Amino acid sequence: MHLEDTTTGEIMKALAELIHAVGGSSSLALNLVALTTEDEREEVEEAASQAAQEHPYRLILAIPRDTDAEKPRIDAEVTLGERLGAAEAVILRLDGPATAHLTSIVLPMLAPDVPVVTWWLLDPVRYGLEQELRTFADRRITYSARATDPVESLYRRAQTYVAGDTDICWTRISLWRSLIASCFDGVTHAVEKVDIKADRRDPSAQLMAAWLHTRLGVTPEVVDTKVERNSEHLPAIASVGFTMENGETMEVERNADGETVLRQAGLPKRRQTLQGRTLGQLLAEELRHIDPDTAYRRVLDTFKENHSLTVEDS
Amino acid sequence: MGDDKTALAANPPTRLPEPGRATPAQNPLRDPVDRRLPRIPEPCALVIFGVTGDLAKKKLIPAIYDLANRGLLPASFAILGFARRDWDHGTFEEMARDAAKSHARTPWREDVWNRLTGSFKFVPGSFDDDAAFDKLSSTLDDLRESHGIPGNAAFYFSIPPQAFPKVLKQLERTKMADNEHCGGWRRVVVEKPFGTDRESARELNDLVDQVFTAPDVFRIDHYLGKETVQNIFALRFANAMFEPIWNSNYVDHVQITMAEDVGIGSRAGFYDANGAARDVLQNHVLQLLALTAMEQPVGFDAEEIRIEKLKVLRAIKLGDELEATAIRGQYTDGWVQGRPVAGYHAEENIPADSTTETYAAVQIGIQNRRWNGVPFYLRTGKRLPKRVTEIAVVFKEAPHMPFADYDTQILGNNQLVIRVQPDEGVTVKFGSKVPGTGMELRDITMGFGYGETFTESSPEAYERLILDVLLGDKTLFPDSHEVDASWAVVDPLEEFWAGTKPEAYESGTWGPTGADLMLQASGRRWRRA
């Protein structure tokens with residue numbers, strides 16, 4: 001259903017009619033408010049519909065359109081169970097000052113009393129929206145790899161961290177971390193040295209280093225390496241190696257196709273696969289946890305300290 | 001490398017006081033608050049006896065693929081098949097690939113499968129072939145070198161119970177079941193039936209416990225692997241609104257239904273010797289009852305839950321007059337879902353004079369303060385109108401209703417229904433005003449469906465249970481005392497039924513009239529599931 005030059009009241013009425021027409025009841029797990037551009041709309045929609053299979057939510061997708069327009073105007077598209085899958089979805093195109101007042105548009109549209117998650121692929125600072133979005137979101141998902149200066153963007157978020165912040169760059173190293181962690185099951189010696197071969201400009205690589213630093217108490221050496229990736233949403237990490245206090249080594253290495261080799265002293269070489277996940281799968285993982293991610297916070301703190309040191313050095 | 005091996009053999013992996021528990025605490029990378037890192041088992045092997053059977057093909061192997069696909073298998077993992085087939089490793093791998101491809105729940109990804117290739121080993125032989133078991137033992141030992149698996153293995157008995165003793169003897173003889181000898185954990189997974197009565201179950205338990213240590217024995221009741229069943233814990237113990245009314249002050253009675261629309265299929269021999277009570281009531285239904293009726297456990301440890309379940313099972317009391325409270329039936333021909341079906345006696349390989357029941361309905365009481373005077377009605381049957389498993393808690397009527405009788409005529413009792421399958425979820429039924437100028441009241445339902453609120457990716461029961469076996473987590477596995485307590489409920493029923501003929505019921509109906517009368521005697525009726 002398309003509504004032109006409309007109001008939130010009309011939008012909610014249209015949504016209620018659609019819900020009524022399909023039988024009425026719905027059980028929503030959360031509200032997802034996404035901020036994106038027209039160029040990225042399809043990508044966001046695809047990811048959202050995929051994540052909605054796991055977490056039925058009300059999706060409010062805000063797209064700033066003609067930001068220079070003098071008069072505020074809202075055009076809306078309301079859908080249910082169509083191309084956006086299981087989600088109740090409202091796509092907003094905002095002109096002029098409407099964008100800056102996004103909160104006033106979104107607040108009345110939220111499904112009552114279920115958590116609110118915001119997600120943006122574009123930089124909300126550009127629209128002066130960061131504070132606004134923070135006020136009503138329980139969780140805020142960013143994707144720093146998409147910023148013009150990814151590591152700097154993550155650093156800025158680390159400085160202004162509030163409970164509930166998270167970043168897809170953290171989500172996308174979960175499989176890597178899980179593989180590394182399982183190598184450590186049964187390892188009794190302490191780690192003396194950690195070597196990471198990765199693209200230093202990738203926030204995920206920074207987070208990997210910070211995670212290992214936090215957990216093992218050893219500052220990893222990151223060797224800047226060009227990493228070929230067969231999926232956009234993979235971390236730019238080629239290998240992670242460990243040297244134990246007794247001199248034994250352990251290494252996890254991924255090639256461009258996703259084949260991953262584990263080399264561990266005393267054990268035969270083992271193969272695994274580490275493939276990139278879709279944005280929808282990453283989003284779904286993110287939505288599984290609605291409370292603040294304490295583990296991420298600790299890692300982000302480590303990253304922040306180390307990063308400010310690097311900046312001072314240079 | 002050689003040095004490492006001797007080190008392993010000399011110092012078997014550190015054991016925690018309670019054997020069989022995973023040891024993630026020592027891993028510096030594992031942080032309890034980091035919930036994104038899934039629990040992954042230590043390097044291990046899964047040995048499947050009876051790998052050519054339906055269970056292995058349709059459930060076990062697909063579940064292993066699904067686990068691999070979700071990244072939940074350790075990097076060092078091997079699957080060993082044992083069966084009387086002239087196969088080599090390659091044939092087994094091919095069969096496993098076909099099985100996984102056609103029955104896996106997660107999408108098929110070639111690269112996920114490829115990482116499992118080379119991890120399939122097949123050992124041909126029969127259960128009394130010593131050489132075959134020696135070969136199996138050496139194949140397991142070789143995995144240390146070839147796959148980096150230091151002795152950990154789970155043996156899955158996907159075989160008829162008559163074969164258990166033979167296989168157990170072989171495992172004992174070859175020391176394959178010996179944790180110390182193997183330098184890792186050795187676990188065994190057995191499927192129901194756990195015996196056919198209390199005595200045979202005890203014999204079986206003794207036998208298994210003698211070869212493996214009791215903590216290493218995992219009895220699979222796949223119902224406990226279902227999300228909704230685990231949700232009973234969450235529903236009862238994580239909410240403030242249900243537990244205060246979860247007792248005889250507010251609950252009128254409880255109905256547990258496990259209905260199947262199918263007949264006995266190809267299980268004639270087994271089924272005719274056992275019947276509905278032994279096949280389903282003794283395990284699945286009583287486990288559901290235990291979870292519904294148990295007291296709050298001190299914690300969510302396997303042991304703490306087991307203690308509470310056992311208390312409830314031991315508090316079960318059958319009615320004094322079993323004629324009225326233990327009903328059994330047998331299906332005759334009829335129509336199920338628009339198709340004509342044969343009666344039980346006309347099924348292949350069923351004797352024409354068989355008195356085995358295909359339906360059982362029992363009224364029981366639980367002798368404790370919480371459930372004093374609350375009847376629990378349990379029923380299970382085949383060739384019923386549809387496949388459904390549910391737990392319905394039916395509440396008492398409101399103590400006083402300020403409405404005229406004629407306004408509330410069609411108002412029933414409040415109900416809380418836990419739907420275990422299909423359409424997993426929870427439904428609450430309560431009275432509400434019909435729109436209009438009069439004060440007319442009617443029942444309405446409010447539902448929560450897993451499929452709607454958390455769609456899709458709930459794992460298959462076997463997936464969860466196999467993972468738990470490999471992790472050594474026994475929370476979802478009934479132990480030998482529970483099995484014993486359950487037989488203590490079923491044995492007197494079987495004794496009472498011996499020599500009697502089950503009541504006939506037409507296929508496609510909700511069972512024999514006797515079952516309806518059982519509830520009508522106290523002014524109640526079965527909920528149409």
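Side notes on the structure shown:
- One residue alone among A:Ala52, A:Ala76, A:Ala29 is within 26 Å of the chain's Cα centre (by Cα) and at pLDDT 90 or above, and that residue is A:Ala76.
- Residue that is farthest from the other protein chains (Cβ to nearest Cβ), among those in the stretch A:232-257 that are over 11 Å from A:Lys197 (Cα atoms) and polar (S, T, N, Q): A:Thr243
- Restricted to the stretch B:60-96, and to residues there that are within 14 Å of another protein chain (Cβ to nearest Cβ), assigned to a helix (DSSP H, G or I) and open to solvent by 10 Å² or more (accessible area, probe 1.4 Å), the residue that is modelled with the highest pLDDT is B:Ala68.
- Meets criteria (open to solvent by less than 20 Å² (accessible area, probe 1.4 Å), facing chain B (nearest Cβ under 10 Å) and touching a strand residue (DSSP E or B) at 6+ places or on another chain (Cβ under 6 Å)) for A:Leu216: no
- Unmet criterion (only one of (1) in contact with an Asp or Glu (Cβ under 6 Å, 6 or more places away or on another chain); (2) not assigned by TED's automatic domain parsing to the domain that holds A:Arg215) for A:Ala163: (1)
- Any hit, the stretch B:146-169, residues being within 14 Å of chain A (Cβ to nearest Cβ), out of contact with any Lys or Arg (no Cβ under 8 Å at 6 or more places or on another chain) and in a helix (DSSP H, G or I): yes
- Residue that is modelled with the lowest pLDDT [pool: residues in the stretch A:1-26 that are within 28 Å of A:Arg288 (Cβ to Cβ) and open to solvent by 50 Å² or more (accessible area, probe 1.4 Å)]: A:Ser25
- Some residue of the stretch A:61-73 being within 24 Å of A:His289 (Cβ to Cβ) and open to solvent by 10 Å² or more (accessible area, probe 1.4 Å): no
- Selection status of B:Trp108, assigned to a loop (DSSP other than H, G, I, E, B), free of Cβ contacts under 8 Å to residues at least 60 places away in the same chain and over 30 Å from the mean Cα position of the chain (by Cα): no
- Highlighted here are the strands (runs of 3 or more DSSP E) found entirely within the stretch B:411-529 that include at least 1 residues which are of a type in the set (Asp, Glu), over 18 Å from the mean Cα position of the chain (by Cα) and away from chain A (no Cβ under 14 Å): B:441-449, B:503-506.
- Residue list for the stretch A:258-284, filter: closer than 16 Å to A:Val240 by Cα, out of contact with any Ser or Thr (no Cβ under 8 Å at 6 or more places or on another chain) and more than 8 Å from chain B (Cβ to nearest Cβ): A:Val261, A:Lys269
- Residue match in the stretch B:97-119 (condition: more than 14 Å from chain A (Cβ to nearest Cβ), open to solvent by less than 40 Å² (accessible area, probe 1.4 Å) and touching a Gly at 6+ places or on another chain (Cβ under 9 Å)): no
- Every pair of residues 6+ apart whose Cβ atoms lie under 8 Å, when the first sits in the stretch B:495-508 and is touching a residue at least 24 places away in the same chain (Cβ under 8 Å) and of a type outside the set (Gly, Ala, Ser) while the second is assigned to a loop (DSSP other than H, G, I, E, B) and open to solvent by 70 Å² or more (accessible area, probe 1.4 Å): B:Glu506/B:Asp333
- For the stretch A:233-243, the criterion of being more than 27 Å from A:Glu46 (Cβ to Cβ), in contact with a Leu (Cβ under 6 Å, 6 or more places away or on another chain) and open to solvent by less than 40 Å² (accessible area, probe 1.4 Å) is satisfied by no residue at all.
- Condition check for A:Arg215: in contact with an Asp or Glu (Cβ under 8 Å, 6 or more places away or on another chain), more than 22 Å from A:Ile60 (Cβ to Cβ) and part of a helix (DSSP H, G or I): yes
- Residue in the stretch A:112-132 that is open to solvent by less than 60 Å² (accessible area, probe 1.4 Å), under 20 Å from A:Lys13 (Cα atoms) and not assigned by TED's automatic domain parsing to the domain that holds A:Asp199 present: yes
- Residues considered: B:Val47, B:Val51, B:Val33. Of these, the only one that is outside any helix (DSSP H, G or I), among the aliphatic types (A, V, I, L, M), open to solvent by less than 10 Å² (accessible area, probe 1.4 Å) and over 24 Å from A:Gln272 (Cβ atoms) is B:Val51.
- Restricting the stretch A:160-177 to residues that are part of a helix (DSSP H, G or I) and over 15 Å from A:Ala210 (Cα atoms), the residue that is nearest to the other protein chains (Cβ to nearest Cβ) is A:Leu175.
- For the stretch B:220-252, a residue qualifies if it is open to solvent by 10 Å² or more (accessible area, probe 1.4 Å) and part of a strand (DSSP E or B), and exactly one does: B:Asp252.
- Residues in the stretch A:146-169 that are surrounded by fewer than 22 Cβ atoms within 10 Å (Cβ to Cβ) and acidic (Asp, Glu): A:Asp149, A:Glu152, A:Asp165.
- Residue within the stretch A:191-210 that is under 20 Å from B:Pro38 (Cα atoms), of a type in the set (S, T, N, Q) and away from every other protein chain (no Cβ under 12 Å) present: yes
- Of residues in the stretch A:170-213 being open to solvent by less than 30 Å² (accessible area, probe 1.4 Å) and basic (Lys, Arg), the one farthest from the chain's Cα centre (by Cα): A:Arg177
- Note on the stretch B:334-357: among residues that are open to solvent by less than 20 Å² (accessible area, probe 1.4 Å) and outside any loop (DSSP other than H, G, I, E, B), the one that is farthest from B:Pro385 (Cα to Cα) is B:Tyr344.
The values are calculated or read from the model by the stated rules, or taken from the named source; none is laboratory data. Predicted model, so just to flag it, every value in this text is computed and none were measured. Quick reminder, even Gly has a Cβ in these numbers, built from the backbone with ideal geometry, and neighbours come from all protein chains shown. When the accessible area is computed, the model is the full protein with side chains, heavy atoms only, and any ligands, DNA or RNA have been set aside. Shrake-Rupley method; radii C 1.70, N 1.55, O 1.52, S 1.80 Å.
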